[in-house]
Amino acid sequence: MRWQTLAVSVLAVLGALQGAQAPAQSARETARELVPQPQPALSAEGPPQGASLPGQVRTIGWEQLIPAGWDPYKDLKALNLDALKDNDPKAEEALQKMRKMWDNAPINPLLLGQTVRLPGYVVPLEDLPEGMKEFLLVPYFGACIHSPPPPANQIVHVVLDKPAKRLRMMDVVWITGPMSATKTDSHMGVAGYRIEARQVAPYTDKKR
Amino acid sequence: MNRLSEIARQSAWNRRSTLVWVVVSLALATALLWTLERLRHDIRHSFSQSVSGVDLIVGARSSPVQLLLFSVFHIGNVPQGMSMDSVRMLAQHRSVSWVVPLSLGDAHRGFPVLGTTAAYFQHFAYGDKQRLALRQGAVFADTLDGLYEAVIGAEVARQMGYDLGQSITLSHGMHGHADGAHDEHADKPFRVVGILAPTGTPVDRTVHVSLQALEALHLDWVAGTPLPGGQIPADQARKFKLEPEEVTAALVGLKTRAAVFNVQRFVNFHEPEALMGVMPGVALGELWSVLGIGENALLAVSGLVALVSIVSLMAVVLAGLNERRRELAVLRAVGAGPRHVLGLLTLEGVWVTCAGVLLGVLLAQAAMALATPWMQQALGIRLQMAAPLPTQLALAAAVLLAGLLASLGPAWRAYRLSLADGLSPRI
Amino acid sequence: MIDIEPLRFAWTRGGADTLALGRWHVGQGQTVFLYGPSGCGKSTLLGLLAGVLSPNQGRVCLLGQDWAALTAGRRDAFRADHVGVIFQQFNLLPYLNVMDNVTLPCRFSVLRRTRCLTAGGPEACAQSWLQRMDLPAGLWTRRADALSVGQQQRVAAARALIGQPELILADEPTSALDAALRQGFMDLLLQAARDAGSTLVCVSHDEQQAARFDLQWSLPAMQETAARG
């Protein structure tokens, strides 16, 4: 049982890493699936990681939130899953290690300060009568219900200056705003992403 | 058209003994729609601003909505509590900034009693991260000396006329009967030391005491009833261990909001106890979808009622047309054309619908005014009826429009009749 | 003033003719008594004269205007301006008071309202006609259905005359009145029509009233003449 969970988790995030190769889907189809899948239209295009003209809004995908060189799957890839028996402690160990790396996933400092445009699913935090003011943006559907939580660098804490009236949980949206890092205790945990979004728009397949 | 409108009004008034029933049914339909829309809005408004800045609510594993409703709104119940050990362990998680335990189960004259720590008043927020503020007095001391101290919400103070220093007794059980004497902890009265400023949330109708005080109350109680002959007097209670073993739930705030998934997972997989962590925003979303189904059903029914009233308007006017053929002939004789006849009957229908809608709005406002104290008391929802909502006005306008359209039917028939009859109606 | 070319009228298409008349002319200010047994088509003729009904053949002209040449809306306006009508009974709107009932035509006809302005406006005009019809001022604010039949008929006459329309049509105006009142009513009506200079066409089966009118015509006789000629 354990290594089935392992396989699903790996699929999930490997998929995020290799977004460009997945088949094209509409936002609706994506929303209906429970198996986490990325939106391939979100793949990297334009300047490579880190480069951007000041003042320009850059459309990015979730894979750009992962800094170069961070690979929590080193150990997993090294394992030969076919050769393992069921309930092999090595598989469990690798899983735990991977989870730990997820929890401590670093942010990509090159993105900080840039104005980005990123699509994702909404997980509400603060919902007021006037609308939603704060939410978490995650890369796949059902991030708070079924699957293990995404790595720390695949969650964005979004704060809106103007509350958004019609947002519901698991809505798919584009958010636009400057990327910054959340403050955190220096000796505990890692920083996360934060965007003070100027604009929230429903997700469509078109670029703009 | 105002001369026609005047004639229409007097004509309708002349037949008021039959039309009044149509007016009443229109009034009821409008009242339903008006009230429903206000309730929808105010319930959502109340609920969605009742808790803020809380990342997780942790309790025994049951239904997330149930836990949210009980811990924040003090409505309903949860099947089981959580152990204080789990609370302490939570507080030690590296991502957790603060934990506030909550204990519910007692009441004072129908107002729920919340046992908690002094930290509640520092960390709990509502609306847009608004902290609780004291209008008078101070928070309970959370020490053994100030054991029987209570902080009450604004609504409790207002309704019961309490002031600082007031002595109150609590009774066992949430759905307290106001005078259930055998349920009362009469030997351990509390003193009001603080009154909170109004918040428009369930906090207003809650009595807050320390966890230790609740423990002291129940020292000599077992399974909900006092031990016969085993009474422990109030001042002696301090000699016993007053740290609770069990609480109802715990509010948790994190250092980084994005860490909520990890902490939630940590709680859900916590081995010693079956717990769950609920994100308030997510649970509210679930609550909305459940409520939404009910709301839509009620709206559909109200719409049907309005339709029935409109149809009855048509029926009554059509039925009365035969008797009015002479009247229509008179009008034609003085120079009104068939178009005037059409206009006249349509305006009559509009007058009747207007009267019905206005009456309905008045009825609805009156009914809600009467129900406001109960809603505040029982559900912590404040009805704001001063200014009508745009959606309420839209619904009223829709009924008016429907009445107008429905009047066109009989008006057209009258038009045809007056054309056919000419100057000599066949009666 | 009123001109009729040879006309035919039937209530149903292809049915027997209710009316068949030859040429007919009435001058301005004349009073016409039209009589015949019940069902010979008197009310139908009134309908044709008022432009409410249209003949299958032939023309009806009032003041030189052929009714059929006007659109429906124009016909209503023309009627409002130039024709006053009195029925046998139920002439008034029961829920309006006497004054409101009398001024009704002025609400629908600008021409008649303008004519009243010289007398001081529709209200003043109404008052003078009501006085002429022997109705005391105390009744003027009463609801129309609070009056006796005789009083109602006189109010109806005042209403037909206000604003001095050129043509007054009266369909059995005295039939619902007691015998004693009929003479009095007719007197008032005839005098008022003469004062206003209006043409009066009065239909009745009570031939006793005929003598005071300028012209007396029997409708069956008119139809026979047309049939022969």
- [ ] Provide the packing ranking of B:13-19, A:129-135, i.e. peptides ordered by the mean count of other C-beta atoms within 10 Å per residue, highest first.
- [x] A:129-135, B:13-19
- [ ] Could you run the Debye sum over the Cα atoms of the stretch B:3-52, one equal point scatterer each and no solvent, and tell me log10 of I(q)/I(0) at q = 0.25 Å⁻¹, two decimals?
- [x] -0.89
TODO: Taking H placed 1.01 Å from N in the peptide plane, check which residues at least 5 places from B:Gly277 or on another chain put their amide H under 5 Å from its amide H.
DONE: B:Asn268
Open item on the list: Taking only complete DSSP H runs, can you tell me which helices of chain B stretch 30 Å or more along their own long axis by Cα positions and average at least 1.6 on the Kyte-Doolittle scale?
Closed with: B:280-321
Task: Net dipole in debye of the stretch C:40-120 [+1 Lys, Arg Cβ; -1 Asp, Glu Cβ; about Cα centre; nearest 20] - done: 100
Open item on the list: Compute the angle between helix C:72-82 and the longest alpha-carbon principal axis of chain C, please, reported from 0 to 90 degrees and rounded to the nearest 10.
Closed with: 60
Task: Neighbouring partner chain Cβ atoms per residue of C:90-101, average, 10 Å criterion - done: 4
TODO: Loop sites only, by DSSP: take the GluC sites (Glu not before Pro) in chain B that have at most 16 other C-beta atoms within 10 Å and name the longest stretch containing none of them.
DONE: B:1-244
- [ ] Mind checking B:17-25 for the average number of partner chain beta-carbons within 10 Å of each residue's beta-carbon?
- [x] 0
- [ ] Over the stretch C:1-88, calculate the relative contact order: mean separation of alpha carbon pairs under 8 Å at least 6 apart, over the residue count, as a percent.
- [x] 32
TODO: Evaluate E = 1/(1 + (r/R0)^6) for C:Glu207 and B:Ala386, where r is the Cβ-Cβ distance and R0 equals 56 Å; express this FRET efficiency to the nearest 0.05.
DONE: 0.15
Open item on the list: Restricted to Cα positions, what overall size does the stretch B:293-424 have along the principal axes? Three whole-Å values, descending.
Closed with: 67, 27, 23
Task: About the Cα centre, charge dipole magnitude for chain B (Lys/Arg +1, Asp/Glu -1 at Cβ), debye - done: 2460
Open item on the list: If you take each beta carbon of peptide B:45-54 and count the beta carbons of other chains within 10 angstrom, what is the mean?
Closed with: 3
Open item on the list: Can you tell me what share of the DSSP beta bridges in the protein assembly as shown is antiparallel? A percent to the nearest 5 is fine.
Closed with: 70
Task: Alpha carbon Rg of the stretch C:37-124, scaled by the compact-globule rule 2.2 N^0.38 Å - done: 1.26
- [ ] Can you figure out the FRET efficiency of B:Leu358 with B:Leu307, using R₀ = 30 Å and their beta-carbon distance, to the nearest 0.05?
- [x] 0.95
Task: Karplus 3J(HN,Hα) series, Hz, for the stretch C:157-170 with 6.51 cos²θ - 1.76 cosθ + 1.60 (x for Gly, Pro) - done: 5, 4, 5, 5, 8, 4, x, 6, x, 6, 10, 10, 10, 10
TODO: Once you have the Kirkwood Rh of chain B from its Cα pairs, apply Stokes-Einstein at 10 °C and 1.306 mPa s and quote D in µm²/s.
DONE: 62
Task: Enclosed volume per residue, in Å³, of the convex hull spanned by Cα atoms of the stretch B:50-113 - done: 100
Open item on the list: Run the simple label-point estimate for A:Glu93 and C:Ala146 please: 7 Å along Cα→C-beta, distance reported in nm.
Closed with: 10.9
Open item on the list: Can you tell me the length gained on complete extension of the stretch B:Ala315 to B:Ser167, counting 0.36 nm per residue apart and subtracting the Cα distance?
Closed with: 46.9 nm
TODO: Describe numerically, in nm with one decimal, the distance between label points set 7 Å from Cα along Cα→Cβ at B:Arg131 and at B:Arg109.
DONE: 3.0
- [ ] Using every pair of alpha-carbon atoms in the stretch B:37-84, split the distances into 10 Å bins beginning at 0 and state the percent of pairs per bin, rounded to integers.
- [x] 23, 48, 24, 5, 0
TODO: List every residue whose amide H lies under 5 Å from the amide H of C:Ile168, counting only residues 5 or more places away in sequence or on a different chain, with H placed 1.01 Å from N in the peptide plane.
DONE: C:Gly84, C:Thr199, C:Leu200, C:Val201
Task: Most mobile of B:Gly137, B:Gly110, B:Gly360 in a GNM of chain B (Cα contacts under 10 Å) - done: B:Gly137
- [ ] With only alpha-carbon atoms counted, please give the Rg and Dmax of the stretch B:1-103, in Å.
- [x] 27.3, 81
TODO: Any chance you could run the full-extension gain for B:Ala367 through B:Leu291? It's 0.36 nm times the residue separation minus the Cα-Cα distance, nm to one decimal.
DONE: 25.1 nm
Task: Descending semi-axes in whole angstrom, ellipsoid equivalent of the protein assembly as shown, from the Cα gyration tensor - done: 87, 37, 20
- [ ] Using just the alpha carbons, could you tell me how many Å³ per residue the convex hull of the stretch B:299-360 encloses?
- [x] 86
Task: chain C - Cys residues lacking any other Cys C-beta under 4.7 Å - done: C:Cys40, C:Cys61, C:Cys106, C:Cys202
Task: Residues in the stretch B:338-356 that a label on B:Leu393 would reach, taking backbone N under 19 Å of a point 7 Å out along Cα→Cβ - done: B:354-355
TODO: Quick one: compute the contact order of chain B, relative version, from alpha carbon pairs under 8 angstrom and 6+ residues apart, as a percent.
DONE: 28
Open item on the list: Considering all alpha-carbon pairs of the stretch B:356-427, what whole percent are spaced by more than 14 angstrom?
Closed with: 74
Open item on the list: 7 Å from Cα along Cα→Cβ at both C:Gln57 and B:Arg16: what's the point-to-point distance in nm?
Closed with: 5.7
Task: For chain C, the fraction of alpha-carbon pairs in successive 10 Å shells from zero, as % - done: 8, 33, 36, 19, 4, 0
Open item on the list: Looking at the stretch C:77-176, I'd like the Rg to Rh ratio, where Rg is from alpha-carbon atoms and Rh is Kirkwood's inverse mean 1/r.
Closed with: 0.94
- [ ] Show the residues, 5+ positions off or on another chain, whose built amide H is closer than 5 Å to the amide H of C:Leu53.
- [x] C:Leu48
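Since every read-out is calculated from the coordinates, none of them should be taken as a lab result. As the structure is a prediction and not an experimental result, all values here were calculated from the model. Positions of Cβ are backbone-derived with ideal geometry, glycine not excepted, and every protein chain shown enters the neighbour counts.
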